[in-house]
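Enquirer: Just passing along the structure, written as structure tokens.
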Amino acid sequence: MTLLEQIPRATFHEASIPVLETKRLALRAPRLEDAKTVAALANDRRIAENTARVPHPYRLTDAQGFIAGANKAAGEAVFIITLRDATVIGACGVVLQDETPELGYWLGVEHWGKGYATEALHAVIDYAFADLGHEALQAGARVTNPASRRVLEKCGFQWTGVGLYRISAIKSSAPIDRFRLERGIWSALKTWGRVKRVM
């Protein structure tokens, strides 16, 4: 028996993802015991209609599937966002979409408007460029979601155009503002103090 065979799979995937700490948050790998909380938070139509892959209703089995599939591919990193007291408030990460690293996130509705998304994404962007070695990240926001667009802009993302994306919750395609952030631009923004260091 090898060492990897002795470590349960879920534990191995969690061990491969670091805990990222910011001023108010901790980002860590999803755990199976998070499933009920994730399902309760994500089961809100306002979240589902603004994300590509979150279905509505969002059931416990959806949360379990999300957790089971997280952090399996090289170049990807999926995190649960928690407050410093370990309260789960959402999820974020970088996944490969057609070989392109794509940043995504969602927060429980009661946590909107508090700057948590921007704070979490700063940490994930740093990790994606410094540790995962990505040269650029892409992201999207529904054109009807100006708050999400503002989060991406505060993180230095630049608008690149509009595309149609299939939205699971509405069972249809919807226009999405597309954004891109390159490693060099991120580094320059940090050097110039245009993005605040929150870690």
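The values are calculated or read from the model by the stated rules, or taken from the named source; none is laboratory data. Fair warning: this is a prediction, and the values are worked out from it, not measured in the lab. All Cβ positions, even for glycine, are placed from backbone atoms using ideal geometry, and neighbour counts span all protein chains on display. Protein only, heavy atoms only, side chains kept; ligands, DNA and RNA dropped before computing areas. Shrake-Rupley method; radii C 1.70, N 1.55, O 1.52, S 1.80 Å.
Enquirer: Give the ranking of Trp106, Trp159, Trp186, Trp192 by solvent-accessible surface, highest area first, calculated with a 1.4 Å probe.
Expert: Ranking Trp106, Trp159, Trp186, Trp192 by accessible area, largest first, yields Trp192, Trp159, Trp106, Trp186.
Enquirer: Counting only heavy atoms of the protein chains, get the accessible area per residue of the chain (1.4 Å probe) and round it to a whole Å² value. Present the calculation step by step, with values, prior to reporting the outcome.
Expert: Values: 10490 Å² over 199 residues.
I get 53 Å² per residue for this part.
Enquirer: Let me ask another. Explain nothing, just the number: relative contact order of the chain, from Cα pairs under 8 Å at least 6 residues apart, as a whole percent.
Expert: Numbers: 344 pairs, mean separation 39.6, N = 199.
Once divided by the residue count of the chain, the mean separation gives 20 percent.
Enquirer: Moving on. Can you pull the percent of segment 10-96's accessible area that's carbon plus sulfur, 1.4 Å probe, other chains left in place? Provide the component values of the computation, followed by the final result.
Expert: Numbers: 2240 of 4130 Å².
Carbon plus sulfur share of accessible area: 54 percent.
Enquirer: Could you give the length gained by full extension between Lys190 and Lys154, i.e. 0.36 nm per residue of separation minus their alpha carbon distance, to one decimal place?
Expert: 11.8 nm
Enquirer: Still on this structure, I have one more. Per DSSP helix of 4 or more residues, -39500 (n - 2.57); summed, then divided by the residues of the chain. What does that give at 222 nm, rounded to the nearest 500? Display every interim value, and only then the final one.
Expert: Values: 8 runs with 66 residues, N = 199.
For the chain, the value works out to -9000 deg cm²/dmol.
Enquirer: Of the GluC sites (Glu not before Pro) in segment 68-141, which ones lie in a loop per DSSP and count no more than 11 other C-beta atoms within 10 Å? Don't jump to the answer; show the numbers that get you there.
Expert: Values: sites: Glu76, Glu99, Glu102, Glu110, Glu119, Glu135; in loops: Glu76, Glu99, Glu135.
Here the sparse-neighbourhood loop sites are Glu99, Glu135.
Enquirer: On a full-extension model of 0.36 nm per residue, what is the gain between Asp85 and Ser173, subtracting their alpha-carbon distance, rounded to one decimal in nm?
Expert: 27.9 nm
Enquirer: Rounded, prolate or oblate: pick one for segment 71-151, where a ≥ b ≥ c are the square roots of the eigenvalues of its C-alpha gyration tensor, a/c under 1.5 means rounded, and failing that, prolate if a/b is larger than b/c, else oblate. Show your work: numbers first, answer last.
Expert: Details: a/c = 1.97, a/b = 1.32, b/c = 1.50.
In terms of gyration-tensor shape, oblate.
Enquirer: In addition: Considering only protein heavy atoms, what is the solvent-accessible area of Thr61 at a probe of 1.4 Å, reported in Å² to the nearest 10?
Expert: 90 Å²
Enquirer: Which value in nm describes the separation of the simple spin-label points at Arg180 and Glu99, placed 7 Å from the Cα toward the beta carbon?
Expert: 1.6 nm
Enquirer: Hey, which lysines would be in cross-link range of Lys114, C-alpha to C-alpha under 26 Å, not counting anything within fewer than 8 residues on its own chain?
Expert: The qualifying lysines are Lys23, Lys36, Lys154, Lys190, Lys196.
Enquirer: Charges only on Cβ, +1 for Lys and Arg, -1 for Asp and Glu: so what's the dipole of the chain about the Cα centre, in debye to the nearest 20? Don't skip to the end; give the middle numbers.
Expert: Values: 26 positive and 21 negative charges, 132 e Å.
Using only the charged Cβ atoms, the result is roughly 640 debye.
Enquirer: Another question about this same structure. What ³J(HN,Hα) values, in whole Hz, does the Karplus curve 6.51 cos²θ - 1.76 cosθ + 1.60 give for segment 26-42 when θ = phi - 60°, with x put for Gly and Pro?
Expert: 10, 10, 9, 5, x, 10, 4, 5, 7, 4, 5, 5, 4, 4, 5, 5, 7
Enquirer: Here's a follow-up. At Ala136 and Ala73, where each label point lies 7 Å from the Cα along Cα→Cβ, what is the point-to-point distance in nanometres?
Expert: Going from the Ala136 label point to the Ala73 one covers 1.8 nm.
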